[in-house]
Structures are given as C-alpha cells and as structure tokens.
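Below is one structure, written out as structure tokens, with a few remarks after it.
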Amino acid sequence: MPIYDYQCPSCKKRGSRLQKMSDPSVPDCPRCGTLMQKMISKVAVLLGEEQHMEKMADPAAWGDFDENDPRSLGRMMRRMGQEMGSDELGDEFREVVERLESGEDPEAIEADLPNAGGGGRSNDWLD
Ligand SMILES: [Zn+2]
C-alpha cells in the first residue's frame, strides 16, 4: 500500500496518508478545509521502507510483490502508474520503473534522482 502525499492548494499544508490504491478519497485540509491535492511519494513506494511495509494492512493485496526484487518493485510501480495515469507521474517515475524492471538496485536509482526524498512533485507547489 503506497504512502500518498497531499498538499493543500490554498494554505500549502502538507500531509501523508497510507491508502489503498483503489481508494479515490482525498482528504480535506485539516487547517482550512480545502480539498487537498494528491501527490505521490516516490521514495516511500520505491524503497518500500520497512516501517511502511509493516504498516500495510493487507500484504496479500500486493500479490507477488517482493520488496527485495527490483523487477517485482518495477512491475508493482507500473501497475500503480497505470492506475493513477501517467500524466500525473512524469518522466522521472517512468524512468524509475524502467530501471527497476531492468533489475537495477533501487538504492542506486534513488541516488541518481535529485528529487527523491522531497515528496515527489514538490516543485509544482513551491513559489
Ligand atoms: Zn489548507
């Protein structure tokens, strides 16, 4: 289950939620009540950090997902990308998926991505 990052378009408050891919709900901003906008936290998905994995309510939902197998990770991310729509994810996401599917080490991929760890498309939100 991926971690979704949200940001309020009005007051710029950010937050994260662990959410099913099939759950389309978007939270209201806890500060001002505006409907928040979804971003994707690529690092959380990409690396499948152990603390996140432990929080997964239903590991069976991941099917054959193996966090230690880059190809498995790549397949999972590609499925997720198809579900979200590729326009939203951008070239960097597609590059990550392709590199994972070719068997590259996720940590090496992350090291090549200057925006990794910054909450994904944060540039869209900065002044
Ligand atoms: Zn707000």
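The values are calculated or read from the model by the stated rules, or taken from the named source; none is laboratory data. Not measured: the values here are computed from a predicted model. Every residue, glycine among them, receives a Cβ derived from its backbone with ideal geometry; neighbour counts consider all protein chains shown.
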Quick one: residue 57 ticks every box in (1) in a loop (DSSP other than H, G, I, E, B); (2) at pLDDT 60 or above except a single one, so which number is it?
-> (2)
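Just one of 100, 89 is touching a Lys or Arg at 6+ places or on another chain (Cβ under 7 Å) and either modelled with pLDDT of 70 or more or on the phi > 0 side of the Ramachandran plot (or both); which is it?
Working: 89 fails: touching a Lys or Arg at 6+ places or on another chain (Cβ under 7 Å).
Exactly one residue qualifies, and that residue is 100.
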